[in-house]
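One structure below.
Since every read-out is calculated from the coordinates, none of them should be taken as a lab result. Quantities reported herein were computed from a predicted structural model and do not represent experimental measurements. FYI the Cβ positions are ideal-geometry reconstructions off the backbone, even for glycines, and counts take in every protein chain you see.
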């Protein structure tokens, strides 16, 4: 129970060290010693195979209520702490996937429990307002002291939303509205616009498009889904839009050893982008915006160079398209910068940057020019949830106080160099280790072996996620430290050594 | 502050009656006496025009951050209680709009504050899981003891989602998937399906459609928006789908005095529905599903008869289309039944019923046949929020314990008969009073006068909302009692009497 947990955490913060000695380190010379004076567990503890009997029983029950075939196992969130997720069978696992990259500072962080237990905050949890018409008194301050303190360069405005998909959907809408007003030369729709839009027809509902990339993932609602191209299962049987899809560069890793070939591949993709923009303009479906992830995540952790993104941004400018950087998975610090696009070193990286997951609330930052001209154009009932902004403010405090971005950079270096060593040791199984900060990935020889390794890792106390056809993605919380890296590497090394 | 509020509520529950005598009743014979032994305020209390100076200052600040032109005023949610919303200038208003119909049992209900202050629940507020893969141990119970206790007739399954739009988007996807599998005769996609869907093309992304109605509102993400036809501002400049739009019956009120003409109008609309289904089949865009609100809300509080809906459901069956009833605004008790469609008296009312708003969480109930065949087809990172299910469970308890559906029916009768009397008294201004439970509306002679009346009512301590071109919609919480009705009628009557 959380109250017991809070007491325990307080005890720990009083330097009562309850930790067991670190388990033996078989892979790396550095011992897996926990130097973090925190509320974390010290190591995995496995009691059953995962899913265990209780998880299996609950999954069966859940199958009576809804499709439960994606459920991995059921969790005991009350007992989970820091980097460790505890399941309902009492298994405690090092979490390197964190609810699809959405837990910023670990489970049951004391700072967040304090936010919930503060009676002054209770109202925010029980009175969810229609933020677009009746915001709470504190909301301007919450935005100013929260989201706006991490606003990307050049983007002075922010629109709160509730999740990643609605953030991207509304970012698309903002780009369409901006583009049409640019075409009009003013913001007053014609009578034909007003009457035709009511029946889904042009000119009111124009044939505009968003250019996206092969392997992209931008969400699953129907606008977003038209720009998602990571896996057929996400798209199959759902009507879509005839929008252009450019090739995302397929680079060779390590990037620094393949500069020339990679630059050629990126140039090819950029050329294709321009061709598609022109082609779709001729088709009568002009590209209003380009959407891209700084690192394609669900699609396989595909990277591109800073030059690629800066050139793409220039192409967008040249052709009058808005440039939307989707940081739903990459944002919030995991790459060692708060936003992954900061690695590009651009003063003017984007027109729109969308976020969710680790940010706990959805939304998008945007340039002044993208502001809508009238009320109710970017709108819905809730427009987010102020209780999430309360929690986010505390997450940002912890990131700053604990200097977590520098920590992520340090931890990420250890993780990536460990992955390099593993792929050198097991070249028949592993390849293409890559990453920025702790936002790392490695390829496995095929999807079947990848899936098996993930299940074996879980049974040995490490939760990993897959992405693309045969990649493993690493998505730890920002409080994942070097000793957690070594803990993971030891367990993973043993699995690989035993691999037949 | 909520803690002070909680103490005050406890004091009140000890029968320390702090209430002022009810203000004089100028409209109805029944005095506006508060018989509710609860935590509510007793009456409005106005200190400034609304928005007052503090709200204006905050709106100006908000305008620097995002489009703030839809903001009515800023609220002090900590001080709001029951049916009364308090603003940042100290004005206390009777809330007959409740955050666009989304506050089920009033502000700061003690039962909900207790949920938040219970340390056992803290974990649910700080560890938001990826529910589709790693649900909490209690989630099956929460669904069984919560949402499933109010499952519509014939719908045994429920999919949790986060908001109204994503509930409808995913309900549409479920209908498309079901329809395509029905066409295939099995659930195994072809190679052509799998490859074409990745580039947004047929057959993988099929040209299927959802039939919707003029005046409908089903949300603002791009799939939902293609079925929304209430106002141009929602749709303008956003690309859409060529989907069929049938006329929603335009009935005369009171319904019981216009049975014959209304039946004719409904028959005309149903005929058009069948024509459109056939026409779109011939166009190569078959109708996979029909979506409709039991009472069109945002589009102007348009009603139709039980026969209309039952016949429409039969037409859907006859043509092999799924039938989706969107109860996002009508659901949760405001019509005097838990779901508005219960008024139809049908054993088999729908294939899918979606919800959000008063339910605090989004989602949709569905028939077994609509279950998806594979994992990850109806999926996203969060799939809802277990902390909202905790609060919903408590809302359902309160509804049962306080017999709120019967109360809503009683209150609704008082409200509707009051509206009838007002429209008889002011026939040049008011007409078409209509409603079910407290889910009522009345038309004003034109949109300008409607908007002015809403602003005047606000300055006199009553918050109302508009809908359609010239309607006022009444959306009080389920704890709105007869004395609140009389409070509203008195204030509104004075405004109308003073109307030039």
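In chain B, helical runs assigned H by DSSP with n ≥ 4 each contribute -39500 (n - 2.57); averaged across all residues and rounded to the nearest 500, the mean residue ellipticity at 222 nm is -11500 deg cm²/dmol. For the protein assembly as shown, what proportion of DSSP beta bridges, expressed in % and rounded to the nearest 5, is antiparallel? Of all bridge pairs located within the protein assembly as shown, approximately 65 percent are antiparallel.
Does segment A:32-168 come out rounded, prolate or oblate, given a ≥ b ≥ c as the square roots of the eigenvalues of its C-alpha gyration tensor, rounded meaning a/c under 1.5 and, failing that, prolate meaning a/b above b/c? Provide the component values of the computation, followed by the final result.
Working: a/c = 2.11, a/b = 1.58, b/c = 1.33.
Judged from the Cα gyration tensor, segment A:32-168 comes out prolate (a/c at least 1.5, a/b above b/c).
Computed packing ranks the peptides B:41-48, A:128-135 as A:128-135, B:41-48, most packed first, by mean other Cβ atoms within 10 Å.
Answer rounded, prolate or oblate for segment B:345-400, using the Cα gyration tensor with square roots of eigenvalues a ≥ b ≥ c: rounded when a/c is under 1.5, else prolate when a/b is larger than b/c, else oblate. Because a/c hits 1.5 or more and a/b fails to exceed b/c, segment B:345-400 counts as oblate. By the Stokes-Einstein formula, at 1.002 mPa s and 20 °C, chain B with its Kirkwood radius over alpha-carbon pairs has D equal to 89 µm²/s. Sorting A:243, A:382 from the fewest to the most surrounding beta carbons within 10 angstrom yields A:243, A:382. Centroid-to-centroid, using Cα positions, segment B:384-432 and segment B:245-283 are 28 Å apart. List the distances, in nm to one decimal, from the label point of residue A:428 to the label points of the same position in every other copy, shortest first, placing each label point 7 Å from Cα along the Cα-to-Cβ direction. Going from nearest to farthest copy, the values are 9.5 nm. At what distance in nm do the modelled label points of residue B:317 and residue A:264 sit from each other, each positioned 7 Å from its Cα along Cα→Cβ? Taking the simple label geometry, residue B:317 and residue A:264 are separated by 6.6 nm. FRET efficiency for the pair residue A:420 and residue B:368, taken as 1/(1 + (r/R0)^6) with r the Cβ-Cβ distance and R0 = 60 Å, rounds to 0.75.
Neighbour counting of Cβ atoms within 10 Å sorts the residues B:317, A:75, fewest neighbours leading, into B:317, A:75. Of the peptides B:277-290, B:484-497, the order by per-residue mean of other Cβ atoms within 10 Å, starting with the highest, comes out as B:484-497, B:277-290. Within 10 Å of the Cβ of each residue in B:157-164, the mean number of Cβ atoms contributed by other protein chains is 4.
Treating the point 7 Å from Cα along Cα-beta-carbon as the label, what are the nm separations from residue A:185 to the other copies, to one decimal? Label-point distances to the other copies, shortest first: 5.9 nm. The DSSP beta bridges internal to chain B are antiparallel in roughly 65% of cases. Can you give me the relative contact order of segment B:342-467 as a percent, contacts being Cα pairs under 8 Å and 6 or more apart? It comes to 13 percent, rounded to a whole number. Taking Cα atoms only, the orientation of helix A:447-459 departs from the longest principal axis of chain A by about 50 degrees.
Expressed in Å, the radius of gyration and Dmax of the Cα atoms of segment A:180-321 are 17.1, 59.
Computed from Cα positions, the angle between helix B:2-13 and the longest principal axis of chain B comes to roughly 70 degrees. Rounded to 0.05, the FRET efficiency of the residue B:250 and residue B:401 pair, given R0 = 51 Å and the Cβ-Cβ distance, is 0.80. Each principal axis of the Cα cloud of the protein assembly as shown was evaluated for its coordinate range; sorted largest first, these ranges are 88, 67, 52 Å. Inter-copy label distances for residue A:498: 8.1 nm (label point placed 7 Å from Cα along Cα→Cβ; shortest first). Averaged over the residues of A:174-181, the number of partner chain Cβ atoms lying within 10 Å of the residue Cβ comes to 2.
Mean per-residue shielding of peptide B:52-65 is 3, counting Cβ atoms of other chains within 10 Å of each Cβ. Take the alpha carbon gyration tensor of segment A:380-455, find the square roots of its eigenvalues, order them as a ≥ b ≥ c, and report rounded if a/c is under 1.5; if not, report prolate when a/b exceeds b/c, else oblate. Taking the square roots of the gyration eigenvalues as a ≥ b ≥ c, segment A:380-455 is oblate.
First measure r as the distance between the Cβ atoms of residue B:153 and residue B:111, then evaluate 1/(1 + (r/R0)^6) with R0 = 35 Å and state the FRET efficiency to the nearest 0.05.
0.80
As a proxy for reagent exposure, ranking B:92, B:400 by other Cβ atoms within 10 Å from fewest up yields B:400, B:92. Between 0 and 90 degrees, the angle of helix B:404-425 with respect to the longest Cα principal axis of chain B falls at about 70 degrees.
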